[in-house]
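> Have a look at this one before I ask anything.
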Amino acid sequence: MNQLKQIIVSLLLLLSFSELEAQIETYAQGELNFLKLTNGLNIIIKNNTPSPTIEVSFHIRFGSIYEQDSFSGISNVLEHILSNKIQRHLSNSRNILNNKSCSFNSFVTTEQSVFKFRVSSSYVKNCFDLMVDSVYNSVIRDLELRYAIESIQEELSQASSVRQRMDSTMLRKLYRVEFDRLNVTGNPAKFKNFNQASLQKHKARYYKSDNTICSVNGSFQTQSIINDFTPSASRLFKGDYDPESITKIIDIKPMIYSTQLVFEDSMEDPEFQICWQFPGAYSNQKDGHKSYLLSSILNDKNNYIQVKAVKLKCKKLAFQYEANNFSSVLRVVIVPAKENLMATYNMVMSEMQRIDKLLINESMMNAGKVIFKKEFEAIKKTKDYPDWVARFWPYNDDNFFTSLADSIMNIKLNELQKFTHEYVNEGARVSALLINPSDRVSLKVDSQFVDLNDTIMNYVFTYKPNVTELEGDDNLLKQSKLLQWLKINTDIRVQINGCSDKGEFNKVSDDSVFAFIDSIPTFSKAMPDVIKKRNMRPETMRAMRIVKYLYENGIDADRLSGTSMYFTSSNRNEALANMKCTVTLEKLRDKVSLFEYHFGKKAE
């Protein structure tokens, strides 16, 4: 009976192989050849000049962006398990494919799980067989799951560099609640939800032939790849999952505020980084094209921002468009001369706020197109070109990256100006300064670049009984940070909520506050009795003193308002807790989601 089963399986595989080989779809795009098998598997082939090794990469469309909240990090854990299976095979020197004949590494991005091999041409077939046996058709064991989770937790427990923490913090501020979906490591607190069944279920859904793009790079004959690969590919099957469905659940909302952070490290030169949230390169293709072009324009050494930076002795000014299919970031890296630390940062920020009017013109756009085309042609000649194509191939369209240069050539000036205004001028940002402690003190950084975070929304100013002026370093620092927050968030309105307790004085007076109220038409109309009586309750005075400070330091009156409340306490502790001011921050205008902005309706 067993022999009969083996014969039947062999015949079925032979039939599958024959059918697969007979119906392979082939086509070419420039330097690349494409194969599409009947089981949905796509293969990108690039023939390079003679090389002793061939690179074979498997791109499975499964990363953190595809995960449900309760399974945050499952793509990372699954990749660890499957990578360990491959490593165990390669560590056995008796196998044809081992650590001496093969170089292997794997990793997870927000959108893909990638497995890469470097071998001689005679071992390419073995790579395919190993992937089928150890990855696609393998079974997850409980012990493997426990080992993978322990390994990841050990990695997380090790001290990360300051730069890593800075980057992670910036992205967390930039994407807020969506950050976990863009965090490849995932949320370790959710690892307890993983078991053998859940891992196997996710693998069965995503690790399928029609959810995989394989790239092969090296010196070989295309037909030899077909001959080597199709027997293994015949053992892979389509899934019932449509990768295109990811577009129905991705809704990355724009930030509603800007913020800035300070990190200390032992380094010679201070460094600024500024990040803007940009649209996904594929989910919003037209704006993805504009993002690439804008980056080329900003990096042109002849543009006036770069020229100004040189005059300020800036050591580095680089603009990086970090693109993914469903979310992207425009990052600016500034390494200024110490004597021009804030002057350089303020210059870049000031110019970025008006680039749609001053930098984006016909001549700069044409120069940017030339720069991009040159860079793109250089990429096409590298061994990484097929991986770039696979990276920006989220489902059925393999054209995005291969046609990128042609698409950018067709961008019109008014389109780029509108895009820049929306995402840079009007877009919120996260700024960070990396500096050593001694420079932070000697350059008086904290008086010019205050470390701000979203705890400002929870600020509470505290008072002693019957005192309405802010006292104490903590209160004064909060007031200063609130001012800086409002200065970098010019479209945020603040309401100061003054509070007091019934046991305090009923009336307080201050001529300077009354003069301030009388000088602002909005306040004078709202508070005629206060101006006439020349006194007010302590909760109102507390709020108006902070409002007056903000106004006198540059915050427009139409962004300022106040409320007042007094409470009845039952004991001294409650009374002290009632002597306070809180803040309420509100955006002056509503921002719709990027999806709604670009497509005119909410995502379903």
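The values are calculated or read from the model by the stated rules, or taken from the named source; none is laboratory data. If you're wondering where the values come from, they're calculated on a predicted model, not measured in any experiment. Cβ: placed from backbone, ideal geometry, glycine included. Neighbour counts: every protein chain shown. The area values use the complete protein model at the heavy-atom level, side chains included, leaving out ligands, DNA and RNA. Shrake-Rupley method; radii C 1.70, N 1.55, O 1.52, S 1.80 Å.
> For segment 192-226, which residues satisfy the criterion of being out of contact with any Gly (no Cβ under 7 Å at 6 or more places or on another chain), among the small types (Gly, Ala, Ser) and touching a residue at least 40 places away in the same chain (Cβ under 8 Å)?
Ser198, Ser215, Gly218, Ser219, Ser224
> For Val450, work out the one condition from (1) open to solvent by 50 Å² or more (accessible area, probe 1.4 Å); (2) closer than 30 Å to Glu586 by Cα it doesn't fulfil.
Val450 satisfies all of (1) open to solvent by 50 Å² or more (accessible area, probe 1.4 Å); (2) closer than 30 Å to Glu586 by Cα except (1).
> Is segment 138-152 home to any residue that is among the hydrophobic types (A, V, I, L, M, F, W, C) and within 22 Å of the chain's Cα centre (by Cα)?
There is at least one residue in segment 138-152 that is among the hydrophobic types (A, V, I, L, M, F, W, C) and within 22 Å of the chain's Cα centre (by Cα).
> Considering each residue of segment 351-392, count those that are without any contact (Cβ under 8 Å) to a residue 60 or more places away in the chain and either open to solvent by less than 60 Å² (accessible area, probe 1.4 Å) or of a type in the set (A, V, I, L, M, F, W, C) (or both), and give that number.
9
> Take segment 231-265 and flag every residue that is assigned to a helix (DSSP H, G or I) and either at pLDDT 75 or above or closer than 30 Å to Asp446 by Cβ (or both).
Within segment 231-265, Pro231, Ser232, Ala233 qualify.
> Here's a follow-up. Quickly run through segment 307-335 and pick out the residues that are open to solvent by less than 10 Å² (accessible area, probe 1.4 Å) and touching a Pro at 6+ places or on another chain (Cβ under 7 Å).
Scanning segment 307-335 gives Asn325, Ser328.
> In segment 47-66, how many residues are open to solvent by 10 Å² or more (accessible area, probe 1.4 Å) and modelled with pLDDT under 90?
Result for segment 47-66: 8.
> Out of Thr490, Thr468, which single residue is in contact (Cβ under 8 Å) with a residue 40 or more places away in the chain, assigned to a loop (DSSP other than H, G, I, E, B), at negative phi and among the β-branched types (Val, Ile, Thr)?
Just one listed residue meets the conditions, Thr468.
> Only one residue in Ser524, Ser500 is of a type in the set (S, T, N, Q), at pLDDT 90 or above, touching a helix residue (DSSP H, G or I) at 6+ places or on another chain (Cβ under 6 Å) and open to solvent by less than 40 Å² (accessible area, probe 1.4 Å), so which one is that?
Ser500
> Just checking, which of Asn399, Asn366, Asn340 is part of a helix (DSSP H, G or I), more than 16 Å from Asn303 (Cα to Cα) and not aromatic (Phe, Trp, Tyr)? Step through it out loud before you land on a result.
On the way: Asn399 fails: part of a helix (DSSP H, G or I); Asn366 fails: more than 16 Å from Asn303 (Cα to Cα).
Of Asn399, Asn366, Asn340, the one residue that is part of a helix (DSSP H, G or I), more than 16 Å from Asn303 (Cα to Cα) and not aromatic (Phe, Trp, Tyr) is Asn340.
> Can you pull out every residue in segment 266-294 that is over 16 Å from the mean Cα position of the chain (by Cα) and within 29 Å of Val445 (Cα to Cα)?
If the condition is that a residue be over 16 Å from the mean Cα position of the chain (by Cα) and within 29 Å of Val445 (Cα to Cα), then Ser266, Met267, Glu268, Asp269, Pro270, Glu271, Phe272 are the ones that fit.
> Taking Asn284, is it in contact with a His (Cβ under 7 Å, 6 or more places away or on another chain), open to solvent by 20 Å² or more (accessible area, probe 1.4 Å) and touching a residue at least 40 places away in the same chain (Cβ under 8 Å)?
Judged against the criteria, Asn284 is a match.
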